[in-house]
Amino acid sequence: MNAIAANRRHPAAAYVVLLLALVSVGALYAALATPSRAATAIGSSTQVDQGKSLFAEGCSSCHGLNAQGSGVGPSLIGVGAAAVDFQVGTGRMPLAQQGAQAVRKASIYSDTERAALAAYVASLAPGPEIPSASMVDAANADLARGGELFRTNCAQCHNFAGRGGALTNGKMAPSLMNATPTQIYEAMITGPESMPKFGDGTMPVQDKQDIINYVHNLQNSPNQGGAALGRLGPVTEGLILWTVGLGLLIAAAAWIGAKAR
Amino acid sequence: MTEHHSTDVDHGHADGLPEHKLRRTDVFPRAEKRAVRQVAAMFGLSAIAGIGTIAAFFAFPADRLITVPALGQMSAQNVVVGGLMGVSILLIGLGAIHWARKLMPDHELVQERHDLDSTYADRKAAIDEFWSGAEASGFINRKIIRRSLLGAMALFPLPIIVLFKDLGPMPGTSLRHTIWKAGEQIVTDPQERPIRPEDIPVGGLVNAMPVSLRKLQDKQGNSNEGVKSVIVLVRMRPDEIVAQQGKNWDYQGIVAYSKVCTHLGCPISLYEHRTHHLLCPCHQSTFDLADAGKVVFGPAARRMPQLPITVDADGYLVAAADFAEPVGPSFWELG
């Protein structure tokens, strides 16, 4: 304690105190702002009932008590189990806050709870179902064809390397680096947020598997050429060259030109 | 040499130069020795890095991966070979500069320069020689030679200009038309699958092209027609459509628009199904596909052309006509 007191007039002391204050406020906020984990409904006889009570607790404030939607959240009638599985499984729902874009984060529901929520929403009206394991199995998919399909249909928004990109007014196409095959499939059939739907009529299961295989390949391809710099192409490369590269050259020029002592 | 310069230095400031300051390496033998060691060490390390490059090339197989902190996973051979080679050449450069700064003579030198213009006599002699040459060659007196030469020289660039004709043929009306025509079937890009209206859900997007495109491109050996005729099909609820470019150009809420930005021709399919905006990634031009493709943001000057569509007898989507306005970027003759 004496050592701390002795150093309280140190030039860095103010910064240390500020840093500690910021960290503790941040930690407190994180602790308080974490949505209280929805308790598993006790005594529910069926999955749908369990989902209904989870829904009432965690979702109804925006989507309405009967999922009919409200001013702040869309109706979920007919969105199907796939949409729920995607939105809840990627942690986008429940939202941390209203905004232009829901972002991927850790899901607060367990797999069972998610299945119950999906079952409840699916019971309201028919909609896209969660794809089966065999539907998202890309073992026999054509990688080259998947690449062609990806570049025509996906790369415009999600970037040629699947790293995502900007849309309008703060919206964005997310990176696909953490997307599971099921989530990729669900996104294509349900069209989350700004994303349009790619129906089975124009994009059959085989095509979707090809795309899943290609994204899987993108996720696992190492950076043979060195630092990827986000794989955004010339933007980050140029930025690094203009700042770090030119900065080093200017520093070197100053060193060469300075008179030796 | 050194002796001579030391006198220069003493009088240096009298010429308007700052007084020469001796470096530590000039004054202290220990500093000089240390600088010699530093330079030699840099050159020596460079040599070691060079040998290390060769060793690394053989030590790391091309497919070995390593994880570099903050940069991620990458090829071990590329990182180590490139890194050591960079260090090797960098140390040669650093050593050379350190050598020049610390050990090579650094006295200030003044090199006086004579006046830049020649003497009057030299200039007069040059002018006289020019005129006597002009006289002797007959360029002045023999008018027919002079004029024929000037004529030949004036005509010489003409063939060069005529050769530009090979840049043609002129596009004619090809910029105003595409291969879309009434009854041309719409197929998915790239699978070339015919599309039924029920294949496209509300909020759905299909990248599409004319059914005859692939064959035509193979025949022509280029993609001139393809870059003009690619389209996007999107479906919205019919009541969401504010306006179209023609009456009933949609089919039950399915609208077809060109995929080529009217600004500089980037192919665009960044469609946000909730706002019906089509965004161009190149310069952020944004088109509202629910409102006749009008420009809502960005540098594009013209709305996105709409393709009128309908279904054929078999229930597949087809074009009802060609685009009514030119697709793609504006051009000189567009008016």
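The values are calculated or read from the model by the stated rules, or taken from the named source; none is laboratory data. Remember, it's a predicted structure, so these values are computed and weren't measured experimentally. Please note: Cβ atoms are built from the backbone with ideal geometry, for glycine as well, and neighbour counts cover all protein chains shown. We work out accessible area using only protein heavy atoms, side chains counted, and drop any ligands, DNA or RNA first. Shrake-Rupley method; radii C 1.70, N 1.55, O 1.52, S 1.80 Å.
Of the residues making up the stretch A:148-198, those that are more than 17 Å from A:THR90 (Cβ to Cβ) and hydroxyl-bearing (Ser, Thr, Tyr) number 2. Is it the case that some residue within the stretch A:241-254 is within 12 Å of another protein chain (Cβ to nearest Cβ), without any contact (Cβ under 8 Å) to a residue 60 or more places away in the chain, crowded, with 22+ Cβ neighbours inside 10 Å and at negative phi? No, the stretch A:241-254 has no match at all.
Counting only helices (runs of 4 or more DSSP H) wholly contained in the stretch B:53-160, the ones carrying 1 or more residues that are under 33 Å from the mean Cα position of the chain (by Cα) and closer than 30 Å to B:PRO18 by Cα occupy B:76-102. For the residues A:THR190, A:THR180, the requirement of being modelled with pLDDT of 90 or more, assigned by TED's automatic domain parsing to the domain that holds A:ALA138 and touching a Pro at 6+ places or on another chain (Cβ under 6 Å) singles out A:THR190.
Summed over the stretch A:157-202, residues that are of a type in the set (A, V, I, L, M, F, W, C), out of contact with any strand residue (DSSP E or B) (no Cβ under 8 Å at 6 or more places or on another chain), open to solvent by 10 Å² or more (accessible area, probe 1.4 Å) and assigned to a loop (DSSP other than H, G, I, E, B) total 4.
From the list A:ALA67, A:ALA41, the lone residue that is modelled with pLDDT of 75 or more, surrounded by 14 or more Cβ atoms within 10 Å (Cβ to Cβ) and not in a helix (DSSP H, G or I) is A:ALA67.
Cβ-Cβ contacts under 8 Å between residues 6 or more apart (or on different chains), taken from a first residue in the stretch B:94-105 that is assigned by TED's automatic domain parsing to the domain that holds B:PHE28 to a second residue that is open to solvent by 40 Å² or more (accessible area, probe 1.4 Å) and among the β-branched types (Val, Ile, Thr), are listed as B:ILE97/A:ILE256; B:ARG101/A:ILE256; B:LEU103/B:VAL36; B:PRO105/B:THR2.
Please go through the stretch A:221-239 and give me each residue that is within 10 Å of another protein chain (Cβ to nearest Cβ) and either farther than 18 Å from A:ALA179 by Cβ or open to solvent by 80 Å² or more (accessible area, probe 1.4 Å) (or both), ordered by number. If you could, list the steps in order and put the result at the bottom.
Within the stretch A:221-239, the first condition is being within 10 Å of another protein chain (Cβ to nearest Cβ), and the residues that meet it are A:221-229.
Passing the criteria: A:PRO222, A:ASN223, A:GLN224, A:GLY225, A:GLY226, A:ALA227, A:LEU229.
For the stretch B:273-335, the strands (runs of 3 or more DSSP E) that sit wholly inside it and include 1 or more residues that are crowded, with 21+ Cβ neighbours inside 10 Å and in contact with a Gly (Cβ under 6 Å, 6 or more places away or on another chain) are B:286-288, B:317-319. Could you tell me whether the stretch A:143-156 includes any residue that is within 24 Å of A:GLN87 (Cα to Cα), acidic (Asp, Glu) and either in the same structural domain as A:ILE212 (by TED's automatic domain parsing) or in contact with a helix residue (DSSP H, G or I) (Cβ under 9 Å, 6 or more places away or on another chain) (or both)? No, because not a single residue in the stretch A:143-156 is within 24 Å of A:GLN87 (Cα to Cα), acidic (Asp, Glu) and either in the same structural domain as A:ILE212 (by TED's automatic domain parsing) or in contact with a helix residue (DSSP H, G or I) (Cβ under 9 Å, 6 or more places away or on another chain) (or both). Only one entry in B:PRO210, B:PRO281, B:PRO267, B:PRO201 is in contact with a helix residue (DSSP H, G or I) (Cβ under 9 Å, 6 or more places away or on another chain) and modelled with pLDDT of 95 or more, namely B:PRO210. Taking the criterion of being under 25 Å from B:GLY93 (Cβ atoms) and hydroxyl-bearing (Ser, Thr, Tyr), the only residue of the stretch A:219-261 that qualifies is A:THR243.
Determine whether B:ARG237 is closer than 24 Å to A:ASN153 by Cα, of a type in the set (D, E, K, R) and touching a residue at least 40 places away in the same chain (Cβ under 8 Å). The answer is no for B:ARG237.
Would you check which residues across the stretch B:59-90 are at pLDDT 95 or above and either open to solvent by 80 Å² or more (accessible area, probe 1.4 Å) or hydroxyl-bearing (Ser, Thr, Tyr) (or both) and list them? B:MET85, B:SER88, B:ILE89, B:LEU90, listed by residue number. Taking (1) modelled with pLDDT under 95; (2) open to solvent by 80 Å² or more (accessible area, probe 1.4 Å) in turn, B:LYS102 satisfies each apart from (2). Tallying residues that are touching a residue at least 40 places away in the same chain (Cβ under 8 Å) and hydrophobic (A, V, I, L, M, F, W, C) within the stretch B:268-303 yields 4.
Restricting the stretch A:201-213 to residues that are of a type outside the set (A, V, I, L, M) and within 24 Å of the chain's Cα centre (by Cα), the residue that is nearest to the other protein chains (Cβ to nearest Cβ) is A:ASP207.
Highlighted here would be strands (runs of 3 or more DSSP E) found entirely within the stretch B:177-267 that include at least 3 residues which are surrounded by fewer than 19 Cβ atoms within 10 Å (Cβ to Cβ), but there are none.
Give the residue, chosen from B:VAL234, B:VAL327, B:VAL296, that is within 18 Å of B:PRO210 (Cβ to Cβ) and within 14 Å of chain A (Cβ to nearest Cβ). Break it down stepwise before answering.
On the way: B:VAL327 fails: within 14 Å of chain A (Cβ to nearest Cβ); B:VAL296 fails: within 18 Å of B:PRO210 (Cβ to Cβ).
On inspection, the qualifying residue turns out to be B:VAL234.
Within the stretch B:190-207, the residues that satisfy the criterion of being in contact (Cβ under 8 Å) with a residue 12 or more places away in the chain, facing chain A (nearest Cβ under 7 Å) and within 24 Å of A:GLU193 (Cα to Cα) are B:ILE200, B:PRO201, B:GLY203, B:GLY204, B:LEU205, B:VAL206, B:ASN207. The requirement of being more than 20 Å from the chain's Cα centre (by Cα) and part of a loop (DSSP other than H, G, I, E, B) is fulfilled somewhere in the stretch A:78-96, by at least one residue.
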